[in-house]
Amino acid sequence: MVLELSGADARGLAIVAQGLSGRRHRDPLRLLRRLNAIQIDTISVIARSQELVAFSRLGHVSRADLARAWWGRGATFEYWAHAACLVPLELWPLFAWRRRRYVRRDGPRTAEQNEIAARLRDVGSLTIADLGGGRTAPGWWEWSAVKSAVERMLACGEVVCTERRGFRRVYRLAVDAVPAHLLGAEPDDAACHAALVALAASSLGAATADDLADYFRLPVAAIRPAAEAAGLTPVIVPGWRRPAWADPAALTGQRR
């Protein structure tokens with residue numbers, strides 16, 4: 001059965017799902033778990049983008065409070081959710097599909113990766129400055145060999161960032177930072193996609209296939225089977241030309 005929603009209904013679901021309805025609390029970790037991913041950006045004009053997301057929803061909360069809640073408590077990790085994002089640590093298993101993709105793409109380990117792994121086993125945690133520096137020249141993507149190596153290890157799930165110092169990533173071996181019950185969980189791609197689509201819907205209220213795919217950069221072709229497996233409600237909204245689904249809990253007002 002397909003449910004018809006008005007444009008106003010869809011907007012209302014999105015506002016509530018995104019925590020913009022005016023019902024404010026001041027818990028940054030609770031906010032992260034509501035949104036499931038918050039994009040991180042080092043560029044700061046008024047404030048960094050992740051801080052603006054929090055300020056617009058939580059009201060008066062200090063940058064220090066955000067940093068304490070989001071980094072260094074073992075409750076979060078950084079990963080490529082749609083871009084570089086802060087993600088609740090309990091979602092680690094759901095990105096197994098992406099980690100496997102990076103492993104297939106990156107091929108054999110490099111000498112730099114072997115050296116980084118050995119140093120992390122000895123020391124426990126290191127920043128890019130500790131590893132020798134991130135850039136070979138001025139520029140955003142002029143990465144050094146060691147920076148490229150450690151970021152490949154992060155993408156593949158061998159290392160993880162759960163903390164920042166001076167807004168520098170602190171790298172640790174995943175085996176040392178991720179609880180064993182999460183580290184050992186390896187859902188297949190379909191299960192990962194279904195769970196992530198359900199989370200995307202819970203954070204969007206109602207959304208098209210393209211919007212659901214973009215939330216965690218999933219393949220668009222995977223959205224329909226994932227939405228069906230997740231039990232999302234098919235919806236029609238005037239003006240929306242793509243298939244769309246809604247979070248059933250959002251439709252009944254049973255928000256987290």
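Descriptive notes on the structure:
- Residue selected from the range 180-215 under the condition within 25 Å of residue 73 (Cβ to Cβ) and either without any contact (Cβ under 8 Å) to a residue 40 or more places away in the chain or touching a Cys at 6+ places or on another chain (Cβ under 9 Å) (or both), by the criterion least open to solvent (accessible area, probe 1.4 Å): 184
- Residue within the range 129-142 that is modelled with pLDDT of 90 or more and open to solvent by 30 Å² or more (accessible area, probe 1.4 Å) present: yes
- All positions within the range 223-249 that are buried (at least 21 other Cβ atoms within 10 Å of the Cβ) and out of contact with any strand residue (DSSP E or B) (no Cβ under 7 Å at 6 or more places or on another chain): 223, 226, 230, 247
- Checked against (1) open to solvent by less than 30 Å² (accessible area, probe 1.4 Å); (2) touching a residue at least 12 places away in the same chain (Cβ under 8 Å), residue 151 passes all but condition (2).
- Checking each residue in the range 162-172 for being touching a residue at least 60 places away in the same chain (Cβ under 8 Å), of a type outside the set (S, T, N, Q) and within 16 Å of residue 68 (Cβ to Cβ) picks out 163, 164, 167.
- Taking the range 10-35 as the range and being more than 21 Å from residue 65 (Cα to Cα) and touching a helix residue (DSSP H, G or I) at 6+ places or on another chain (Cβ under 9 Å) as the test, the residues that pass are 13, 14, 16, 17, 21.
- Residue list for the range 11-34, restricted to those being in a helix (DSSP H, G or I), over 18 Å from the mean Cα position of the chain (by Cα) and of a type in the set (Gly, Ala, Ser): 12, 14
- Checklist (1) exposed (fewer than 14 other Cβ atoms within 10 Å of the Cβ); (2) within 19 Å of the chain's Cα centre (by Cα); (3) modelled with pLDDT of 95 or more applied to residue 6, failing item: (2)
- With respect to the stated conditions, residue 63 fails to be in contact with a helix residue (DSSP H, G or I) (Cβ under 8 Å, 6 or more places away or on another chain), at pLDDT 95 or above, at negative phi and among the basic types (Lys, Arg).
The values are calculated or read from the model by the stated rules, or taken from the named source; none is laboratory data. Only a predicted model underlies this, so the values are computations on that prediction, with no experimental measurement involved. Every residue, glycine among them, receives a Cβ derived from its backbone with ideal geometry; neighbour counts consider all protein chains shown. When the accessible area is computed, the model is the full protein with side chains, heavy atoms only, and any ligands, DNA or RNA have been set aside. Shrake-Rupley method; radii C 1.70, N 1.55, O 1.52, S 1.80 Å.
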